[in-house]
Structure formats: C-alpha cells, structure tokens
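Trainee: Before we start, here is the structure in question, set down as structure tokens.
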Amino acid sequence: MIIEAHDLRKTFVAKRGRGKTEEVEAVRGIDLAVDEGEIFACLGPNGAGKTTTVRMLATFTAPTSGTARVAGFDVVKEAAMVRERIGYVGQNGGVDENAPGLESLVLAGRIAGLSRKQALARAEELFATFSLTEIANRPVKTLSGGQKRRFSLAIGLVNRPPLVFLDEPTTGLDPQNRANLWDEIRTLRDQGTSVLLTTHYLDEADALCDRLVIVDHGKIVAEGTPEKLKKEVSGDVVTLRLDDLEGARKLLAAQPYITETQTEGESLRAYLDDGEHNLPALLRALEAEDLAIRSISLDRATLDDVFLKHTGRSLRDAA
Amino acid sequence: MLRHTMLFAGYEFGVLRRNLAWPIIGIMQPVLYLLLFAPLLTSIAPNGTLAEALVMFTPAALVMIALFGSMFAGFGMINETRNGVLERLAVSQAWRPAIILGRVVKDMAMLVLQSVLVLGVAALMGLRISLAAMGLMLLLMAVTGLFSANLSYGLALAVRDENGMSQIVQFFLLPLMLLSGLMLPMSVAPEWMQTVAKFNPLYYAVEAGRAMFVDDFTHSTVPIAFGLFLVLGVLTLTWSVRSLRKLAG
Ligand SMILES: Nc1ncnc2c1ncn2[C@@H]1O[C@H](COP(=O)(O)OP(=O)(O)OP(=O)(O)O)[C@@H](O)[C@H]1O
Ligand SMILES: [Mg+2]
C-alpha cells in the first residue's frame, strides 16, 4: 500500500465578510487504499473535495481528523519523510513564469539533494522525456498551455518519486495533448511509479486508471475498477424524451428486462442488458400505453451512469 | 538549511540579473533627494557646508532605499500564493524558512549594492567619511533589509492581496518616514514627536548612521539599531514562515 487513508476529514473556516466566519466541510470522511504501481483516480465534480484530499495526502494541508500514511509514513507526524518520497503537481501547475524552465528545474533538483551536475543531467533527461528540450531556456510564461503542463509534470518528477500526485493534470488541454499526457502517465506507471490523479472527466478515469473512487460532497460514493463500476449499472442505457416522464418511468420500471430507471431533468434513463434485443419490446410497451416519444437513444453505460446512480445527478451537471 | 537558503538566493540572483533595470531605477529616488534636497540642509548645518549636510542626509537617503525598496519586496510573492509555486515548495524537501530567507538574502545584497552606489554619488558631491564608517553603514543597511524584507514577505503572506497590501504599506510608510528624522533630524522636532519617534525602529537606523558618519561608533543608538533589527528580523521571519503554513487553510 503506497497510500492508506482512514476517515480523513477537513473542515475549513472561511471568512464571510463583516467578521463572520463559515465552516466548510470540504472532506467528510475519506478512506483510500492505493497499491504500488497503480494509476488511481479521484473522480468528482467541482468542489467535491479532490484537491483538498490530495493536499492532505501530500502534506500541504493538515487534516482536521483522520490519519493517512503515504509511502509508509504518517502525513502529519512524519511529513518530512513523506515529502522525500512524493512528487506533487498542483492544480495550478506551480511554476515560476518569469524564469527559464531550466533554472526552475535545476533549483528543484538541487533542493531535492542533487548536486549541480546531477541536477543538470536530470533536467536534461526530463526535458527530453517531455519533448521540451527546445524551450528549456525560455521563460515559462512564453510556453503554450500544453507545454506548461508537461513542464509542471517534469518538475514534479525531478526527485524520481515512487508516488506522484497529479491534480487535474489534463484540464484545459486539447484532445491531442490530453492523449499524449495520458501516454506519459502510463509510461510512468510502467516504470513502477504510483500515480494518484484527480479528474472530472469520466473518459479520462475510464481510459487511464486502474482503480478509482468517485467523490461527491467530500465523501466517496463508489470505488473500484472502471469495469467493476460500470458493471454495477447494466450494460446499456436507453435515454428517452417524452411528455409524461413519470408515467413512462413507472411503466418501464415494471418491465422485466429493465434493471433501473432514473429521471434526469427532462429525460428518462432506463438501464438494461442486451439493449439491441430488448429495445423493440420497450418501444412496444410504450406504444401500448400511448406514450408519445419525442426522442430516443441507446448507448453503452459509462461512469457517468455510475455517478448518476449514486448521487441522482449527472456528473456533467453536478458542478 | 544554509544550503537551501543559498540555493534559493542563487535562483533569485538569477532573476535579478535578468532584470537589472529595476534595482537601478530603485536608487533614482534617493539619488534625486541627495542632489535636490541635501543642498537645502546646508542652511541648518553648523558651518553651512554641503559636506556637513551630506553627513546628515546620506544615512537618511540610505534608509529610504531600505524602506521603499524592501517594503515592496513581498508583492512578487502574493502571486506565488495563487499560482501554486509556494504550494509546490511547501511540499518539497525545502527547509521552509529558506523559501523566504533566500529572497531576503537577495534583497539584502541588493540593498547593500544600491547603498554603495548612493554612497558613491554622495562622495562625488563631497561626502567624506572613514572606511570603518562606510563598512559599518553597509552592515547596518544589511540588517535593516533583513527586517524590512522579512516584514514585507510576512505581510504579503498574511494579506495575500495586492490591493490590501499596497494600502497597508502606504498607510505605514509616511508616518514611519516622518517619524524617523529622515528628512530633518528629530532634534528639531517638538518633544512629543521625539517621544513617539523612540518607538520607530527606523529612527535608530537614521540616528546610528549619522553617529557612525562622524566616527562616533559608541553612540547609544548604534548597538540599539543593530540589535533591534536583528531581533525584529528573526521575529518577522518567524511570522512569515507561520503564514506560509496557514496558506494551506
Ligand atoms: N482554503 C479553503 N478555505 C475555505 N474553503 C475551502 C478552501 N479550500 C477549499 N475549500 C472548499 O472546500 C470544498 C472542496 O474544495 P476542493 O478544492 O477540494 O474541490 P475540488 O474537488 O478540487 O474541486 P475542483 O474540481 O473545482 O478543483 C469547496 O467547497 C471549496 O470551496
Ligand atoms: Mg481541485
């Protein structure tokens, strides 16, 4: 276990103006167990508590209660030992915009205990890995968004940590850059580095991670491999738009081949296995009750359906 | 610990080297004061010479750079509380005080360098002081910088807002300046102002500077100034390191 967390909680006291304060329960009891060599994702909507969780594990924020061991050490009592063994790439990147990338990277390396020569060699290696060699001497503010992301990842890896935290590593990247970064993260895993990342993209969690937790309002609502979680809901989902949502929901819920129904805003989602074969029966049932369908679609269930099942909201609308 | 401080300072020197224009502009104000204000003081100098006026005013011009230069040093750090740089450093292996001390070392060195330039201008205008006085004055500037830069970083980390910080600095700057006898010696001030000035650390810096410039190294304000700024420097450093911890909420 490279990360073991028990009942982590964090309550912030935030100012509300006019001297008043407000308590924000950002994280409300999170248990985590991440294995070595695993890409583990923390999936959740804005404000779910992902950043706060990662910050506690990376020794930045002290938990209000609960305990966590990272790379074998307690995040509160042995923070210095933890810091030697982690890389941390925050949501904002954390790179000095005004200095050339090389200088920031060499400084980070030397702070991690390398000599000047070793730090230079390590920097060269990382620039090559992330295809940044050409821009090593340019002030970071002149880099593109994707280059900046890769550079912040390079800084986080300077001390060859067995574990890296990546807080929303692909937010704001175009699909091409995103796919490239996924490859780089997979390469890390293949070299034995454990990765804990946060994301609010379902496809990202699905494509990239070995296991994930879905977090909402500071709590874990589901946990497992993407496959296992998707299996929790039936394989296919029919999305319907019609006038009498509630009537249709009752009717479909009573059909033997429908495992679950959810109304979501204006549409109705019905989960079923073997959708292609059961769709005609579903259409006949609706027709028999004179329920006029405005639109209908059949899709494979995704992690979004898992999220919907557990929270009653769609991840896309949950922010 | 020392290694980390020097590493951060070295990095900051690199930043400074790429932007050498700023510290040069920073000494324009005290130099202008020397050129345009010191001559006015000849009328209150005992023998009415410019050299005397310079002995009186040069220490004040130096304290002015310490005040105006270092008090604004923290502004650059406010952005780093938001862009994640401090967050990254806080969870790195860096010795935390070094994150601030490294910058302070750079600010102190810059202050000493600027002081040398201002002293050079004053010498060209006719200031004559002993080498010992000059060395001690530069040392005094270094400890003044230790305090004012640390204060500025502490403020930046506590306030974390450019507007708020500039209001606070402006609010304190003028009274601190007027109550240090920077423009005119406090000895010409009414008694109540002299009493208030005793609570202003900069008053001791200016007075100690003036005493040292006439080779009066045992003047009571000399040890007070050095001691005061060292103690205040340590206190403000402790404060900013604690604010750094609070960054995490
Ligand atoms: N320093 C802080 N002070 C007060 N409240 C905070 C602080 N940091 C976070 N919060 C609150 O805690 C909750 C969780 O925030 P957090 O940043 O962990 O969410 P997140 O899952 O990372 O969201 P996002 O996807 O937007 O990054 C939010 O309601 C946020 O407003
Ligand atoms: Mg976040």
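The values are calculated or read from the model by the stated rules, or taken from the named source; none is laboratory data. On a predicted model such as this, the values are computed, not experimentally measured, just so you know. With ideal geometry, Cβ positions are generated from the backbone for all residues, glycine too; neighbour counts draw on all protein chains shown. We work out accessible area using only protein heavy atoms, side chains counted, and drop any ligands, DNA or RNA first. Shrake-Rupley method; radii C 1.70, N 1.55, O 1.52, S 1.80 Å.
Trainee: Can you give the direction-averaged projected area of the convex hull of the alpha-carbon atoms in the range A:234-300, in nm²? Write out the running numbers ahead of the final one.
Mentor: Working: hull surface 15.1 nm².
Result: 3.8 nm².
Trainee: Roughly how much of B:SER148 is accessible, in Å² to the nearest 10, using a 1.4 Å probe?
Mentor: Answer for B:SER148: close to 10 Å² accessible.
Trainee: Still on this structure, I have one more. Going through the range A:53-107, which trypsin sites (Lys or Arg not before Pro) have at most 14 other Cβ atoms within 10 Å and a DSSP loop state? It would help to have the intermediate numbers written out before the result.
Mentor: Numbers: sites: A:ARG55, A:ARG69, A:LYS77, A:ARG83, A:ARG85; in loops: A:LYS77, A:ARG85.
Passing sites in the range A:53-107 are A:LYS77.
Trainee: Any chance you could look up the accessible area of A:LEU188 with a 1.4 Å probe, heavy atoms only, rounded to 10 Å²?
Mentor: So the heavy atoms of A:LEU188 present about 20 Å² to solvent.
Trainee: Which longest run of chain B has no exposed loop site in it, a site being trypsin sites (Lys or Arg not before Pro) in a DSSP loop with at most 14 other beta carbons within 10 Å, and the site itself not part of the run? Display every interim value, and only then the final one.
Mentor: Working: sites that count: B:ARG128, B:LYS198.
Longest site-free region, per DSSP loop and neighbour criteria: B:1-127.
Trainee: Also, quick follow-up: Can you divide the C-alpha Rg of the range B:2-246 by 2.2 N^0.38 Å and report the result to two decimal places? All intermediate terms of the calculation are to be shown ahead of the outcome.
Mentor: Details: Rg = 18.3 Å, N = 245, 2.2 N^0.38 = 17.8 Å.
So the range B:2-246 has a normalised radius of gyration of 1.03.
Trainee: When a/c is below 1.5 the answer is rounded, else prolate if a/b is larger than b/c, else oblate, so apply that to chain A with a ≥ b ≥ c taken from the square roots of the Cα gyration tensor eigenvalues.
Mentor: prolate
Trainee: Order B:THR195, A:THR53 by their accessible area, 1.4 angstrom probe, all chains in place, largest first. List each step's numbers first, then the result.
Mentor: Working: B:THR195 75, A:THR53 0 Å².
In descending accessible area the options line up as B:THR195, A:THR53.
Trainee: Round to a whole number: what % of the accessible area of chain A belongs to carbon and sulfur, probe 1.4 Å?
Mentor: On the way: 6780 of 14460 Å².
Of all accessible area on chain A, carbon and sulfur atoms account for 47 percent.
Trainee: If Rh is defined by the Kirkwood formula over all Cα pairs and Rg also comes from Cα, what ratio Rg/Rh do you get for the range B:29-101? If you can, show how the numbers build up before the last one.
Mentor: On the way: Rg = 20.5 Å, Rh = 15.3 Å.
Answer for the range B:29-101: 1.34.
Trainee: Can you compute the helix-only [θ] at 222 nm over chain B? Use -39500 (n - 2.57) per DSSP H run of at least 4 residues, normalise by all residues, nearest 500 deg cm²/dmol. Walk me through the intermediate numbers first.
Mentor: Details: 13 runs with 188 residues, N = 249.
The per-residue figure over chain B is -24500 deg cm²/dmol.
Trainee: Quick one: order B:MET177, B:MET183 from most to least accessible surface, probe 1.4 Å.
Mentor: B:MET183, B:MET177
Trainee: For chain A, modelled as a GNM with alpha-carbon contacts under 10 angstrom, which of A:ALA292, A:ALA119, A:ALA136 fluctuates the most?
Mentor: Most flexible of the set in this elastic network: A:ALA292.
Trainee: For the range B:124-240, what mean projected area does the convex hull of the alpha carbons give, in nm²?
Mentor: Values: hull surface 33.7 nm².
If I average the Cα hull's projected area over directions, I get 8.4 nm².
Trainee: Only helices at least 30 Å long along their axis, Cα-based, and averaging -1.0 or more on Kyte-Doolittle count here, so list those DSSP H runs from chain A.
Mentor: Working: long enough: none.
Membrane-span-like by this rule: not one helix.
Trainee: Hey, another quick one. Taking a probe of 1.4 angstrom, what is the accessible area of B:GLU80 in Å², to the nearest 10?
Mentor: 20
Trainee: Hey, another quick one. Calculate, in whole percent, how much of the Cα-Cα pair population of the range A:12-111 lies beyond 21 Å.
Mentor: Values: 2408 of 4950 pairs.
Value for the range A:12-111 (Cα pairs over 21 Å): 49 percent.
Trainee: May I ask for the percentage of alpha-carbon pairs in the protein assembly as shown that lie more than 43 Å from each other? If you can, show how the numbers build up before the last one.
Mentor: Values: 61911 of 161028 pairs.
For the protein assembly as shown, the share of Cα pairs beyond 43 Å comes to 38 percent.
Trainee: Just to verify a number: FRET efficiency for A:GLU22 and A:ARG138, C-beta to C-beta distance, R0 = 41 Å, to 0.05?
Mentor: On the way: r = 43 Å, r/R0 = 1.05.
Working from the Cβ atoms, E equals 0.40.
Trainee: Students often check this: by mean Cβ neighbours within 10 Å, which of A:40-51, A:299-310 ranks highest, and how do the rest follow?
Mentor: On the way: A:40-51: 22.9, A:299-310: 20.0.
Result, highest mean Cβ count within 10 Å first: A:40-51, A:299-310.
Trainee: From the square roots a ≥ b ≥ c of the eigenvalues of the alpha-carbon gyration tensor of the range B:169-213, which class results: rounded (a/c under 1.5), prolate (a/b over b/c), or oblate? Don't skip to the end; give the middle numbers.
Mentor: Details: a/c = 1.86, a/b = 1.23, b/c = 1.51.
Taking the square roots of the gyration eigenvalues as a ≥ b ≥ c, the range B:169-213 is oblate.
Trainee: Could you work out the helix-only [θ] at 222 nm for chain A, with each DSSP H run of four or more residues adding -39,500 (n - 2.57) and the total divided by the number of residues, to the nearest 500 deg cm²/dmol?
Mentor: On the way: 11 runs with 113 residues, N = 319.
The helix-only estimate for chain A comes to -10500 deg cm²/dmol at 222 nm.
Trainee: Now, a different point. What longest range of chain B stays clear of loop-exposed chymotrypsin sites (Phe, Trp or Tyr not before Pro) (DSSP non-H/G/I/E/B, at most 14 other C-beta within 10 angstrom)? Kindly include the intermediate steps, with their values, before the conclusion.
Mentor: Values: sites that count: B:PHE199, B:PHE217.
After excluding every exposed loop site, the longest remaining stretch is B:1-198.
Trainee: Leaving ligands and nucleic acids out of the surface, order A:HIS200, A:HIS217 by accessible area at 1.4 Å, largest first. Present the calculation step by step, with values, prior to reporting the outcome.
Mentor: Details: A:HIS200 50, A:HIS217 110 Å².
Accessible-area ranking of A:HIS200, A:HIS217, largest first: A:HIS217, A:HIS200.
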